[in-house]
Structure formats: structure tokens, C-alpha cells
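Just so it is clear, none of the values below were taken in a lab; they were calculated from the coordinates. Computed from a predicted structure; not experimentally measured. Neighbour counts are summed over all protein chains in view; Cβ atoms, including those assigned to glycine, are modelled from backbone coordinates with ideal geometry.
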Amino acid sequence: MIRFNVALLLALLVSAFCLVNVRYEARRVYMALSKAQSQASRLEADYDQLLAQKRTLAAPVRVQQLAAGQLLMRPTNPAVTEYLQSAAVAAAKGQP
């Protein structure tokens, strides 16, 4: 009877240690999950902000202003447009 009680006591102690270990691991995993979720939320907010900046920077009005101001480009004008022909078309028309 004493051996049986000792075996039950050992089983109870092992079970208690396993329970404590499992609860500790569950708490640790929950904290890691919480940290990952907050990081995902931050990254999603950053992504949305970057998309808004991209839309702002790629706006046609802004691109046109940069092209005219920094690159000294101007809109196309039929008066200054030159049309090029390929060599095959030029040869067919008899032009050099």
C-alpha cells in the first residue's frame, strides 16, 4: 500500500511539474503572438502610409510639374514634332 501511495505521489508531482511547464510555455507563446500581432498592425499601418505617399508622388499633376521644372520638358506640340520613317519605308518611297 505504501508503494502504491508513493507511486501516486510521484505521478502527482510529475503531473504538477508538467502542468506548470505547459502553462509557462502557453504564456510565453501568447506573449510572442501578442508581440507579432502588434508588429503586424504597425507594418500594415506603415504599408498604408507608403501607399498613400506613392499615390501622392505619382499624381499626374506632380509628375508634370517635376518634368517641366527639373527636367525642362514641355508638352508635345505639332509645330515642333518631327516624324521619322524607317529605312524600309524611305526606300520604298525613293527617299535616301
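Selection of the stretch 65-96 for residues being over 28 Å from the mean Cα position of the chain (by Cα), assigned to a helix (DSSP H, G or I) and surrounded by 10 or more Cβ atoms within 10 Å (Cβ to Cβ) yields Q65, A67, A68, V89, A90, A91, A92. Of the residues making up the stretch 42-64, just one is surrounded by 10 or more Cβ atoms within 10 Å (Cβ to Cβ) and of a type in the set (V, I, T), namely V63.
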